[in-house]
1. Calculate how steeply helix 166-177 sits against the longest principal axis of the alpha-carbon atoms of the chain, using the helix alpha-carbon long axis, and give the answer as 0 to 90 degrees to the nearest 10.
2. List the lysines whose Cα sits under 28 Å from the Cα of LYS323, skipping any in the same chain fewer than 8 residues away.
3. Give a residue-ordered list of calculated ³J(HN,Hα) values for segment 238-249 (Karplus: 6.51 cos²θ - 1.76 cosθ + 1.60, θ = phi - 60°; whole Hz; x for Gly, Pro).
4. Report, to one decimal in Å, the Kirkwood hydrodynamic radius for segment 87-325 based on all distinct Cα pairs.
5. Kindly provide the helix-only [θ] at 222 nm of the chain, computed as the sum of -39,500 (n - 2.57) over DSSP H runs of four or more divided by all residues, to the nearest 500 deg cm²/dmol?
6. Which residues' amide hydrogens lie under 5 Å from the amide hydrogen of PHE315, considering only partners 5 or more residues apart or on another chain, with H built in the peptide plane?
7. Cα axis of helix 135-147 to longest principal axis of the chain: angle in degrees, 0 to 90, nearest 10?
8. Specify the residue with the greatest mean-square fluctuation among ARG273, ARG27, ARG301, computed from a Gaussian network of the chain linking alpha-carbon atoms under 10 Å apart.
Amino acid sequence: MDDQFDDWKWQMRNRISTLEELLRSVRVSPGETEGIQKAGQSFAWAITPYYASLMDPRDPDCPIRKQVVPSEEELNDDLGVPDPLEEGKHSPVDSVIRVYPDRIAFTVSKECPTYCRHCLRKKRVVGEDGCSMTWEKIEQGIQYVRENPEIRDVLLTGGDPLMMSDERLERILSALHDIPSVEVLRIGSRAPCTLPQRITPELCEMLQKYHPLYLNTQFNHAREITPEAEEACARLADAGIPLGNQTVLLRGINDDVSTQKKLVRELMRIRVRPYYLYQCQVLTGTRHFRTPVECGTEIIRNLQGWTSGLAVPKFVVDTPYGKIPAGPDYMVGRRGDKMVLRSFDGRRWEEPNPLPEGDSEPAVEADSRCTECGSCSVSEE
Ligand SMILES: *Cc1c(COP(=O)(O)O)cnc(C)c1O
Ligand code: SF4
């Protein structure tokens, strides 16, 4: 039994995806039963036995359960839309999402080990067509990167790229690695959290041939940081893969300072650097998860300076125009020859800040290609 439990393919074959199966692990609440019967159909649900083993069998408010068990609350969402990021508009080819000048998200898989009820890519994951990503569509994406040499950073995402076999994944990584204009490869995968058994020594041996390779994962709660997750992250880190974490801010799951502080400290302990804290998308069926944007800003204000700087993620709102940082601002403003700043614990500091001789305006260089307001000077590289 234990041998099998450690085998990721066994985990995949034995995923929980019916009410009867779930009843064997937890005491299912009426809201969950209703959710499974109604909302469970509109978006795939499946939970690995490993991730299910982290659930509190008696508490429907368990932060693990709430992330993955369908709930009746999903049916009450009058604001959410199916594609809040308008990704459809940003796909030059089917498998590519391009929002930024120098990097793309490349969706190479439509499957995940465990499906999150807050998933930002509900449409792409087990897409409406239901089929998995064809090799032809993946080839198109690779060709797109070849033909657009300004793309220097390719983020493999999905779904979860680690749902593919090592061989298939290696074909993609090696093809991208061979493109001279590609400087950095990244993988976005929740496997270290929901299926840590997937991170085998063989996988890590293969991945480390394609450096510089980064991997970002998604832990949302300290309870997810188990010995298994720790071992998976250690293997990846030992293979020289820098690890980052992208937490989704979820009401009732991790929307308070002490939960977040515990999470980021645990992440640092397992060598995963907190990278982003995401505002939950205004996406169909997620109203019960969403917090006001100010909630994330305040959480960061209570981390910055109060714990290691390395452990403080950037709070962002993802939009059709890219990710927009919405963290607290510590700059009060210029006062004469001084810049007034606020410290982490609320004290004002006036930093001597004279303008360079002869200048009447701050010497700030704009290096973006923003063309919106027309009033700032814009320089292109
Ligand atoms: C998030 C994202 C990226 C990567 O963004 P970083 O801020 O560099 O991590 C690239 N493309 C798309 C479409 C994205 O959503
Ligand atoms: S692992 Fe990521 S892509 Fe998959 S269901 Fe969860 S949020 Fe969506």
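1. 20
2. Partners found: LYS66, LYS89, LYS110, LYS122, LYS123, LYS137, LYS261, LYS262, LYS314.
3. 5, 7, x, 8, x, 10, x, 10, 10, 7, 9, 6
4. Details: mean 1/r = 0.0547 Å⁻¹.
18.3 Å is the Kirkwood radius here.
5. Values: 13 runs with 108 residues, N = 381.
Taking each H run of at least 4 residues, the total per residue is -7500 deg cm²/dmol.
6. LEU277, ALA326, GLY327
7. Value to nearest ten degrees: 20.
8. Fluctuation is largest for ARG27.
Coordinate-derived values only; no laboratory data. The shown structure was predicted, so the numbers you read here are calculated from the model rather than taken from an experiment. Methodologically, a virtual Cβ is constructed for each residue, glycine included, from the backbone with ideal geometry; neighbour enumeration extends over all protein chains shown.
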